[in-house]
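The values are calculated or read from the model by the stated rules, or taken from the named source; none is laboratory data. The structure displayed is predicted, hence computed values, not measured ones. No Cβ is skipped: glycine too gets one built from the backbone with ideal geometry, and neighbour counts run over all protein chains shown.
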C-alpha cells in the first residue's frame, strides 16, 4: 500500500512517519493530516502546507519531496542554506490556489454557517446563484421572492468543497466583505462597483467579473486541450516504441534463423569437402601402393634372373669341365653375360624416402572459411554472409599431389628400365 508522511510531535522534534493513504482527502495535508494551510505545490505536483513543508525539509536535510523524494531544487544550491534560508525558499514556491480555495470551503462547511437572512439560525441551504446561505425558512422566502425566484437553491449537506468553492462569490480586493462585480485588467484585481466607479475609473480596461471568469475558463480549457493532445502524442510514442520492440525481437529471431541456416550450409559444405579429401587420400594411397607393387615386381624378376645365373655359376664351380676351362671363347662369353647383368639397385626417390602423410589441404579450406566469416555483416538485425563461396568452385586446386612419381627408374651405366604409371 502506498504511504505518505505525517508530522508527529516527539520530544519537541518533527519526524516523518508513514500513514495510510486512504485516510487523506484532496483538502488534507499528508503531513499534518489537517486541512491545508497555505498549500505549496512542488515540481512533482505533490502539495503540502507551507509550515509542514518547512519542518519536513528541516528534518530531511535535503530539498526533496517528503512523499516521492524527487528533488525540489538543485541540492547544491541548498547546501549552504540555514533554517531561515530554507523557510524563504519554501515561501517562494508557488501556492496551490485551487487547493487553498477548496480547503477553505471545506473548513467553512465543517464549522457550520449562519443564515444570511435571519442571522440567528444555522444555514442548511445555499443559493448557487448569489452564494447566500439560508435556514429552512429563509430559503423558502428566497425562492418565493420575485428577484430570486429563478435562483437555484441546494442543500449544504450534499455540497462538496469543490462545488462550494466554485459558487462562493468573489470579494473585492479592497473590501473583503463586498462581492466583486468587476475585474480591472490593468491591476489584475477583482473590484466592487464602488471601486470601479472611483479608484479604477481611469483604468483602460474594466470588465465584468463574469466576463473575466469565462475568459479564464477558456484559457484553462485551451491549456487542458493542449495537455491532452500532448498526452496523446506521448501515448502514440509509447505505442511506437512497443511496436519497435516487437520489430526488434522479430528481426533478432530472423537473424538467429539466418545464422543457423548459414551454419548448417557451411557445415554441409565442410562435410562434403571432408568426404572428398578422404576419397582423394584413398586414391593417392592406392596409386602409391600400385607403383610400389610394380617396382617390387620388377625387383623380383631381376632377382629371379640373377638367381638363375648364380645357380649356373655354382654348378660350373662344382664340376669345372676341362672343356670350359680351356675354351677361352666360352669363358669370355660367360664373363660378358655376367657383366651385362644389372647389379646396381637404385630405388626411385619417392619410393626410397619415407612415406609422407597427405598434404594438409584442410588448412586451405580453413582459410576459406575464415575469409567467409570475415565477410559476415556485423550490422544489428542484418547478419549473414556477404559472399558465399561455393566449395565446388575450388575444383582441382584441392587435389593432393601423388605420393610417388609417375615413373620408377632402375638403371646402371648401360641399361635403364622404366615402368610407366
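Some notes on this structure:
- Residue match in region 260-270 (condition: out of contact with any strand residue (DSSP E or B) (no Cβ under 9 Å at 6 or more places or on another chain), touching a residue at least 24 places away in the same chain (Cβ under 8 Å) and in a helix (DSSP H, G or I)): yes
- Of the helices (runs of 4 or more DSSP H) lying entirely inside region 1-118, those containing at least 2 residues that are surrounded by 11 or more Cβ atoms within 10 Å (Cβ to Cβ), modelled with pLDDT of 75 or more and in contact with a helix residue (DSSP H, G or I) (Cβ under 9 Å, 6 or more places away or on another chain) are 50-60, 83-91, 97-111.
- Test: residue in region 171-191 that is surrounded by fewer than 18 Cβ atoms within 10 Å (Cβ to Cβ) and at positive phi: yes
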